[in-house]
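In what follows, a single structure is set out as structure tokens and then discussed.
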Amino acid sequence: DLLDFYDVRAVKEVWINDKFYSEYTAKNIVIRYLVNNKYKIYKPFEKKQYKWRTTFDSKCIFGFKQLDYSLDTIIISKSSKDVVVWRLLGYNAITLPTEASRLWKELVEWLNSKFKYVISVLDNDIAGIRSMESYKTDWGIHYVILPDLGVENQCKDLAEIIFSVGYSYTQSLINVLIKNKKLTIKN
């Protein structure tokens, strides 16, 4: 249901500029995300440099159309996959088109006008932490760093945490982290 809600689909074939790019197989899953009639293609089992292809521009904010305005919090997340996982956990989330994308004044003002709490939770790696610190410095956006759970492979995002320690534990952990951050923001 969440994949339908976010219009996320597995695709049989991908063609880019009239050239065949990829085909879905059991060993090569191909997922497409759609925003503003533009596409992001995700191939999770590929090497890093081949995982993503996109026609997104700076205005393609994944999760924007699905926001629940009855919630008081919005999470600025790292990826489209994370946005879906945040909703699974009961939170609003959006993501910028790419990890290198920057926030802009009108977007930040709009987020602050619609939600009581704007919090960034990017990947728990050097790039993610630097970006969150930049959001705090440039825009006053508070952030949460996902904790090191002491598992064999460090979890850098929500999906990896769920995979490592389960949904229930992740739900409890996230609720505590977000609640504590809200208390900090109030003070």
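Calculated translational diffusion coefficient of the range 2-79 (37 °C, 0.692 mPa s; Stokes-Einstein with Kirkwood radius over alpha-carbon pairs) equals 235 µm²/s.
Take every pair of alpha-carbon atoms less than 8 Å apart whose residues are at least six positions apart; their mean separation over the length of the range 71-187 yields a relative contact order of 23 percent.
Quick check: the distance between the Cα centres of the range 56-75 and the range 119-149, to the nearest angstrom? Each part reduced to its Cα centre gives a spacing of 18 Å. Atom-type composition of the exposed protein surface of the range 1-41 places 50 percent of the accessible area on carbon and sulfur (1.4 angstrom probe). Each Lys or Arg adds one and each Asp or Glu subtracts one; over the other residues with Cβ under 15 Å from the Cβ of Thr25, this totals 0. Per residue, the solvent-accessible area of the chain (1.4 Å probe, heavy atoms of protein chains only, all protein chains present) comes to 57 Å². For an R0 of 22 angstrom, estimate the FRET efficiency from the Cβ-Cβ distance between Leu3 and Ile145 and round to the nearest 0.05. Using R0 = 22 Å, I get an efficiency of 0.20.
Would you work out which of Asn124, Trp139, Phe45 lies farthest towards the positive end of the dipole of the range 24-169? Charges go on Cβ: Lys and Arg +1, Asp and Glu -1. Farthest towards the positive end: Phe45.
Among the trypsin sites (Lys or Arg not before Pro) found in the range 38-67, those both in a DSSP coil and sparsely packed, with 16 or fewer other Cβ atoms within 10 Å of their Cβ, are Lys47, Lys51, Lys59, Lys65.
Which angle between 0 and 90 degrees, to the nearest 10, do you get for helix 167-186 versus the longest principal axis of the chain when only C-alpha atoms count? So the helix axis and the longest Cα principal axis differ by about 50 degrees. For the range 59-135, the convex hull drawn through the C-alpha positions has a volume of 86 cubic angstrom per residue.
The values are calculated or read from the model by the stated rules, or taken from the named source; none is laboratory data. Computed from a predicted model, the values in this text were never measured in an experiment. Positions of Cβ are generated from backbone atoms using ideal geometry, with glycine treated the same way; all protein chains shown enter the neighbour counts. With ligands, DNA and RNA removed, areas are computed over all heavy atoms of the protein, side chains included. Shrake-Rupley method; radii C 1.70, N 1.55, O 1.52, S 1.80 Å.
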